[in-house]
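I have placed the structure first, in the form of structure tokens, so that the comments after it can refer back to it.
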Amino acid sequence: MIRSRSKPVKWDDLRMEFISKCTADTISNAAQALINGHLVAFPTETVYGLGADATNEKAVSRIYSVKGRPLGHPLIVHISSINKVDQWATDIPDYAIKLAREFWPGPMTLILPRKEIAKDFITGGQNNVGLRVPAQPIALSLLKKFEELGGQGIAAPSANRFGAVSPTTANAVSEELAEYLDSEDLVLDGGQCLVGIESTIIDCTSTLPKILRPGAITEELIESALSLKTDKKIEPNVIRAPGILDSHYAPKAEIFLNKEAEKGDGLIALATIQTPPGVIRLSSPKTLEQFARDLYAAFRSADNQGIKKVSVITPNGEGLGTAIRDRLGKASNR
Ligand code: TXA
Ligand code: MG
């Protein structure tokens, strides 16, 4: 069941602890909470993650129940630096090492052959594991502290209910998950996420890298860093990749692409596009970066205002444009 997201957060009813000012102490407490098996939602540069100790099966199983996510979906393991990759992965191709050196910390997840520590409850029973070093300072401090306390990695999907829009602020995390979290779980507020859409996922288990989910680390960036072409063959369902589901990253409002908005509809479009009379402008980004950063907040705003239909004029352009169109395609696919 995906609950209504148009309900405002009732701050007095929150069960989990909401940390609005992250300090070294609060981050230390959060790392300890993870070690103790609790959940910690934390900011990353892409979207907020719902974290658990990636070696603790019970804690990880709570991620699934809090998100309402079907079992068997693999989770990304977050680590503090490239030096930790060897703990989780083996047979790492040279191109993956190059990518990690070039783009970590950053909005990129590498799928690599797993080591023993990456159990089936993390990988969905696959022989590979998704790893990411995030670039957000609070996320990195949390990871470092967690590792100092003996932790190996933090499993974290986006901190939203299954199928819903990823949260890009801590308030959005509360809107999504507050009623499912416990009093010893935590939400760390690190402000708005700078990238705003989820990391690029790259399958690094074959001779050539293959983009499974486009993101801010674009095909162009990857190919120029490696001086080679990525694998563009489409082999559905070989790996349990994101977005196979019909509706993903979707708000309650219906999303229409490149259709004229009518009175009472919402509109998301580049600033150069005018708002027709009676249409509610949800976002007017000037650049692709702003488009990505504000997209999910605009979806949420539509739901919070009770808007039923949102027209999105898709931006052109390669790079981040590809990632934005990917998310819009999924949000509009019902
Ligand atoms: O930006 C991000 O990647 C955010 C932040 C929190 O790091 N995380 C995120 O996680 O988007 P999630 O679980 O919402 O989306 C990750 C997707 C899932 O759809 C999952 O199927 C896929 O990555 N994935 C994870 N591990 C995988 C693996 N070993 N093989 C194939 N796909 C994998
Ligand atoms: Mg997600």
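Inspect the stretch 134-145 for any residue being near ligand 1 (Cβ under 10 Å from one of its atoms), buried (at least 19 other Cβ atoms within 10 Å of the Cβ) and in a helix (DSSP H, G or I) and give the result as yes or no. Yes; the residues of the stretch 134-145 include at least one that is near ligand 1 (Cβ under 10 Å from one of its atoms), buried (at least 19 other Cβ atoms within 10 Å of the Cβ) and in a helix (DSSP H, G or I). Among the residues of the stretch 163-176, just one is surrounded by fewer than 24 Cβ atoms within 10 Å (Cβ to Cβ), part of a loop (DSSP other than H, G, I, E, B) and either modelled with pLDDT of 95 or more or aliphatic (A, V, I, L, M) (or both), namely THR169. Candidates are the residues of the stretch 305-334 that are assigned to a loop (DSSP other than H, G, I, E, B) and hydrophobic (A, V, I, L, M, F, W, C); the one that is farthest from MET108 (Cα to Cα) is ILE307.
Flag: SER183 does not match the condition of being within 13 Å of ligand 1 (Cβ to nearest atom) and loosely packed, with under 15 Cβ neighbours inside 10 Å. Against the condition crowded, with 16+ Cβ neighbours inside 10 Å and modelled with pLDDT of 95 or more, how does SER284 come out, does it pass? Yes, satisfied.
Residues that are part of a loop (DSSP other than H, G, I, E, B) and more than 16 Å from ligand 2 (Cβ to nearest atom) were ranked within the stretch 66-94; the one that is farthest from THR205 (Cα to Cα) is SER80.
Screening ILE122, ILE63 for residues that are within 16 Å of ligand 2 (Cβ to nearest atom), closer than 30 Å to THR207 by Cβ and in a helix (DSSP H, G or I) leaves exactly one candidate, ILE122. Within the stretch 117-128, residues that are farther than 20 Å from GLY150 by Cα have Cβ atoms under 6 Å from residues that are of a type in the set (Gly, Ala, Ser) and buried (at least 19 other Cβ atoms within 10 Å of the Cβ) in no pair, counting only partners at least 6 apart in sequence or on another chain.
The values are calculated or read from the model by the stated rules, or taken from the named source; none is laboratory data. Everything numeric in this text was worked out from a predicted model, so none of it was measured. Cβ sites come from the backbone with ideal geometry, for glycine too, and all protein chains shown count toward neighbours.
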